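**Q** Quick one: structure below, then a few questions.
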Amino acid sequence: MAILVDKNSKIIVQGITGSEGSFHAAQCLEYGDNVVGGVTPGKGGQTALDGKVPVFNSCAEARAETGANVSLIFVPPPFAADAIMEAAAAGIELIVCITEGIPIAQMVEVKAYVETTGSRFIGPNCPGILTPDEAKVGIMPGFIAQKGSVGVISKSGTLTYEAVHQLCSEGLGQSTCIGIGGDPIIGATMRELLEMFEADPATDAIVMIGEIGGSMEIEAAHYAKDNVSKPVIGFIAGQTAPPGRRMGHAGAIVSGADESAAAKKKLMAECGLIVVESPADIGRTVKSTLNK
Amino acid sequence: MKIHEFQAKALLKGYGIPIQDGVTIEDVEQAEAAVDQVSKELGADQYIIKAQVHAGGRGKGGGVKFSSDRASALENIRKILGMTLITHQTGAEGRLVKKVMVAEALDIKQEFYAAITLDRAKGMDTFMVSSEGGMEIEEVAKTSPEKIVKEAIVPGFGLRSFQARNLAAALGLEGNAAKQAVGMFQKLYKLYRELDCSIVEINPLIVTKQGNLVALDAKINFDDNALYLHSEVAEMRDLDEEDPSEVEAGKYNLNYIKLDGNVGCMVNGAGLAMSTMDIIKQVGGSPANFLDVGGGANVETVKNGFRIILSDENVKAVLINIFGGIVRCDRIANGIIEAVKELDLNVPVVVRLAGTNADVAKELLANSGVAIISADSFEDAANKVVAAVKG
């Protein structure tokens with residue numbers, strides 16, 4: 001078991017004929033994913049990845065022909081909001097958007113629309129999802145992870161790799177790793193994923209990596225207090241970030257007292273989460289928590 | 001992206017929103033003509049001289065001056081243009097004032113606050129007003145949050161008339177003033193949405209003694225992701241208001257923010273970059289910058305990263321922390337070796353590479369003959385760079 005994606009996931013890649021899309025779709029295929037199709041409007045009938053994957057004009061067509069239940073999006077920013085809506089309209093169950101730089105106002109509308117459909121949405125501007133040895137839906141390097149029982153939720157990309165690396169160094173594998181993205185408007189929240197990991201019998205502990213800006217970590221911590229029985233190990237990046245400056249991610253900006261790393265960590269601890277002070281201690285802390 | 005008050009007001013005016021108008025100049029030679037123009041075209045006989053910088057708190061810092069006649073207006077222009085304005089947002093070094101707005105003085109009866117921004121938790125834009133105009137809104141939020149009234153804007157529906165009426169009523173406006181407010185608030189939201197703003201703030205929004213609603217000040221920030229849709233907005237960017245090394249970094253697609261410590265950092269990924277700053281602090285050092293070289297780091301990005309970091313004279317050592325996922329560490333190592341040779345570095349460099357081809361990379365660095373301190377883990381790297389700074 002795992003959450004969101006596994007070896008049975010049937011994946012289509014929107015933007016498969018672009019340079020990013022074709023590069024990463026090939027990596028997914030190499031990892032063993034069922035990449036059953038690609039979508040590029042106007043290129044239906046062609047094939048991608050050396051003839052291995054059929055290309056369709058629309059998500060609806062791709063879904064009808066292949067039975068796909070997951071879409072991975074690499075469409076460039078001006079067209080990405082539309083691509084997400086198209087996937088949701090076609091009834092794709094899980095939509096993962098990697099694209100960085102989508103206008104925020106467009107994401108506000110897309111999120112509102114997706115919520116009216118039955119689709120679950122991850123991203124945008126995120127590394128995607130990795131269920132070790134089963135499915136890689138995104139750009140996370142597969143080799144850094146190993147199968148196990150720690151669930152990982154993170155707003156970051158390379159910091160997630162760092163945390164996964166630390167877990168593996170301690171001999172701890174992962175059930176599923178999810179990069180949810182650091183934009184102001186994103187699909188699935190930390191709270192939703194905590195809920196899924198709590199329900200997943202293959203997950204014994206959850207690592208939650210947040211950062212300055214927004215209130216998602218706070219919402220998740222409040223939820224965990226009463227609803228999550230598994231240990232949650234939390235870290236917040238950006239303790240040294242000056243207020244009012246955007247630290248890379250569009251959402252990583254302290255614009256109120258409650259959005260600082262110190263405030264978030266304090267509240268997480270109050271809600272019973274195990275808060276890691278140093279980013280070098282994530283792996284060790286999970287290990288010692290599980291050994292208790 | 002930020003713009004100046006005079007630019008924000010020009011945008012408001014274009015949307016039919018009444019503003020405190022004026023003329024903006026960059027040269028003291030233009031002072032007389034500007035004052036005369038404001039007098040003639042706007043019928044003003046009293047003036048407000050306002051420093052144009054991208055920072056709040058201008059009034060308290062002495063960058064906004066009332067002038068009761070032409071002579072005092074000219075004197076205040078001379079005082080403010082070219083001054084170094086220090087406010088709570090500029091830092092101790094302050095900001096050189098290169099532009100001033102010569103604005104008409106208005107008779108103020110009431111002052112309010114109005115703003116639109118994104119409520120991230122709700123996933124909706126929020127229009128908020130407060131009867132506490134002219135104050136720092138953060139302060140109002142802290143001390144009397146009940147004085148801030150909000151309307152959430154349902155995506156796709158805009159600010160509805162009933163919501164605008166609620167906001168006007170919350171300010172205690174009635175009759176003609178309430179009517180003006182409803183029109184103004186809807187135009188403000190239209191502007192916010194059409195131009196992809198991240199914040200529109202009118203503080204203060206005033207009612208004049210004549211009973212007219214006017215934007216006395218205006219602050220507008222834009223969503224950088226959407227600037228490609230608005231070239232006329234992108235052209236308003238004022239590079240003089242930004243840190244030169246940050247502007248330079250932007251040219252190379254590097255995300256750099258200068259801080260006041262002495263350990264330069266070069267990292268791939270924003271989260272890892274922030275964490276690297278955090279761990280430097282935790283082991284007793286102080287980061288000199290945030291620098292995210294991004295996912296596609298190569299020899300050129302590493303070289304440019306070094307140039308930017310070393311342009312800061314406070315830097316006493318550099319920490320490079322790269323987690324190679326898609327990026328191969330051996331390529332990064334080659335970039336580091338080339339950069340160190342070419343740039344004639346005179347500060348210690350600590351390198352930690354993990355992920356794809358990290359072993360090959362370590363060997364390359366070890367055999368390169370360049371003076372690099374190699375580190376194994378995240379923690380080890382932080383300790384070594386802080387030790388290097390302390391000598």
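**Q** Of the conditions (1) in contact with a Leu (Cβ under 6 Å, 6 or more places away or on another chain); (2) within 13 Å of chain A (Cβ to nearest Cβ); (3) of a type in the set (Gly, Ala, Ser), B:Ala114 satisfies every one except a single condition; which number is it?
**A** Answer for B:Ala114: the failing condition is (2).
**Q** With (1) closer than 30 Å to A:Ala250 by Cα; (2) of a type outside the set (A, V, I, L, M); (3) assigned to a loop (DSSP other than H, G, I, E, B) as the list, and B:Gly62 as the residue in question, which single condition is left unmet?
**A** (1)
**Q** Quick check on this structure: which one of A:Lys111, A:Lys147 is modelled with pLDDT of 95 or more, within 16 Å of the chain's Cα centre (by Cα) and surrounded by fewer than 22 Cβ atoms within 10 Å (Cβ to Cβ)?
**A** A:Lys111
**Q** Further question on the same structure: Across region B:1-40, what is the number of residues that are within 29 Å of B:Ser231 (Cβ to Cβ) and assigned to a helix (DSSP H, G or I)?
**A** Adding up the residues that qualify gives 13.
**Q** Which members of region B:111-120 meet the condition of being surrounded by fewer than 18 Cβ atoms within 10 Å (Cβ to Cβ) and more than 22 Å from the chain's Cα centre (by Cα)?
**A** B:Glu111
**Q** In region B:225-284, how many are aromatic (Phe, Trp, Tyr) and within 12 Å of chain A (Cβ to nearest Cβ)?
**A** Counting residues in region B:225-284 that are aromatic (Phe, Trp, Tyr) and within 12 Å of chain A (Cβ to nearest Cβ) gives 2.
**Q** State which residue is nearest to B:Asp380 (Cα to Cα) when the search covers only region A:272-288 and only residues that are among the charged types (D, E, K, R), in a helix (DSSP H, G or I) and within 14 Å of another protein chain (Cβ to nearest Cβ).
**A** Restricting attention to region A:272-288, the residues satisfying the condition of being among the charged types (D, E, K, R) are A:277, A:281, A:284, A:287.
Narrowing further to those that are in a helix (DSSP H, G or I): A:281, A:284, A:287.
Still in the running and within 14 Å of another protein chain (Cβ to nearest Cβ): A:281, A:284.
On the way: A:Asp281: 12, A:Arg284: 15 Å.
Selected residue: A:Asp281.
**Q** Another one. Is one or more of the residues making up region B:78-95 within 14 Å of chain A (Cβ to nearest Cβ) and at pLDDT 95 or above?
**A** The answer is no; no qualifying residue exists.
**Q** Ok, one more. Looking only at region A:120-147, how many residues end up being more than 30 Å from A:Ala89 (Cβ to Cβ) and either more than 14 Å from chain B (Cβ to nearest Cβ) or among the acidic types (Asp, Glu) (or both)?
**A** Looking only at that region, the number is 4.
**Q** Further question on the same structure: Could you go through region B:229-244 and let me know if any residue there is in contact with a helix residue (DSSP H, G or I) (Cβ under 6 Å, 6 or more places away or on another chain) and within 23 Å of B:Ala361 (Cβ to Cβ).
**A** So the first thing to find is which residues in region B:229-244 are in contact with a helix residue (DSSP H, G or I) (Cβ under 6 Å, 6 or more places away or on another chain), and the list is B:234, B:236, B:239.
Filter again for within 23 Å of B:Ala361 (Cβ to Cβ), leaving none.
No, region B:229-244 has no match at all.
**Q** Restricting attention to region A:148-162, report how many residues are touching a Pro at 6+ places or on another chain (Cβ under 8 Å) and more than 7 Å from chain B (Cβ to nearest Cβ).
**A** Residues flagged as touching a Pro at 6+ places or on another chain (Cβ under 8 Å) and more than 7 Å from chain B (Cβ to nearest Cβ) within region A:148-162 amount to 2.
To keep it simple, each residue is scored yes or no on (1) buried (at least 19 other Cβ atoms within 10 Å of the Cβ); (2) part of a helix (DSSP H, G or I).
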residue: B:Gly172; (1), (2): no, no
residue: B:Ala181; (1), (2): yes, yes
residue: B:Lys187; (1), (2): no, yes
residue: B:Ile199; (1), (2): no, no
residue: B:Gly211; (1), (2): no, no
residue: B:Ile220; (1), (2): yes, no
residue: B:Val233; (1), (2): yes, yes
residue: B:Gly271; (1), (2): yes, yes
residue: B:Lys281; (1), (2): no, yes
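**Q** Could you identify the single residue in B:Gly22, B:Gly14 that is out of contact with any Ser or Thr (no Cβ under 7 Å at 6 or more places or on another chain) and either buried (at least 16 other Cβ atoms within 10 Å of the Cβ) or within 26 Å of A:Pro242 (Cα to Cα) (or both)?
**A** Answer to the selection: B:Gly22.
**Q** Going by the conditions given, is A:Ile92 in contact (Cβ under 8 Å) with a residue 40 or more places away in the chain and within 14 Å of chain B (Cβ to nearest Cβ)?
**A** So A:Ile92 fails the test.
**Q** State all residues of region A:3-36 that are surrounded by 18 or more Cβ atoms within 10 Å (Cβ to Cβ) and either at positive phi or β-branched (Val, Ile, Thr) (or both); if no residue qualifies, say none.
**A** A:Ile3, A:Leu4, A:Val5, A:Ile11, A:Ile12, A:Val13, A:Gly15, A:Ile16, A:Thr17, A:Val35, A:Val36, listed by residue number.
**Q** With respect to B:Ala317, determine if the residue is under 31 Å from the mean Cα position of the chain (by Cα) and either within 14 Å of chain A (Cβ to nearest Cβ) or not polar (S, T, N, Q) (or both).
**A** Considered against the rule, which asks whether it is under 31 Å from the mean Cα position of the chain (by Cα) and either within 14 Å of chain A (Cβ to nearest Cβ) or not polar (S, T, N, Q) (or both), B:Ala317 comes out as yes.
**Q** Quickly run through region A:57-74 and pick out the residues that are closer than 14 Å to A:Glu86 by Cβ and either surrounded by fewer than 20 Cβ atoms within 10 Å (Cβ to Cβ) or free of Cβ contacts under 8 Å to residues at least 40 places away in the same chain (or both).
**A** The answer is A:Asn57, A:Ser58, A:Ala60, A:Glu61, A:Ala64.
**Q** If you don't mind, there's one more thing I want to ask. Residue under question is A:Asp183, and the condition is that it be closer than 22 Å to A:Tyr31 by Cα and either modelled with pLDDT of 95 or more or part of a loop (DSSP other than H, G, I, E, B) (or both); does it hold?
**A** In short, no.
**Q** Here is a further query. Against the condition in contact (Cβ under 8 Å) with a residue 40 or more places away in the chain, charged (D, E, K, R) and within 14 Å of chain B (Cβ to nearest Cβ), how does A:Asp183 come out, does it pass?
**A** Answer is yes for this residue.
**Q** Quick one: which of B:Ala152, B:Ala121 is small (Gly, Ala, Ser) and part of a strand (DSSP E or B)?
**A** Selected residue: B:Ala152, the only one of B:Ala152, B:Ala121 that is small (Gly, Ala, Ser) and part of a strand (DSSP E or B).
**Q** Return the residues of region A:270-292 that are out of contact with any Pro (no Cβ under 6 Å at 6 or more places or on another chain), in contact (Cβ under 8 Å) with a residue 40 or more places away in the chain and among the hydroxyl-bearing types (Ser, Thr, Tyr); say none if nothing qualifies.
**A** A:Thr285
**Q** Being out of contact with any His (no Cβ under 6 Å at 6 or more places or on another chain), facing chain A (nearest Cβ under 9 Å) and crowded, with 24+ Cβ neighbours inside 10 Å, is that true of even one residue in region B:295-302? Please lay out each step first, then the result.
**A** Going through region B:295-302, the residues out of contact with any His (no Cβ under 6 Å at 6 or more places or on another chain) turn out to be B:295-302.
Remaining after also requiring facing chain A (nearest Cβ under 9 Å): B:295.
Now narrow it down to the ones that are crowded, with 24+ Cβ neighbours inside 10 Å: none.
Scanning region B:295-302 turns up no residue that is out of contact with any His (no Cβ under 6 Å at 6 or more places or on another chain), facing chain A (nearest Cβ under 9 Å) and crowded, with 24+ Cβ neighbours inside 10 Å.
The values are calculated or read from the model by the stated rules, or taken from the named source; none is laboratory data. The structure presented is a predicted model; accordingly, all values stated were derived computationally and were not measured. Don't worry about glycine lacking a Cβ; one is built from the backbone with ideal geometry, like all the others, and counts go over all protein chains shown.
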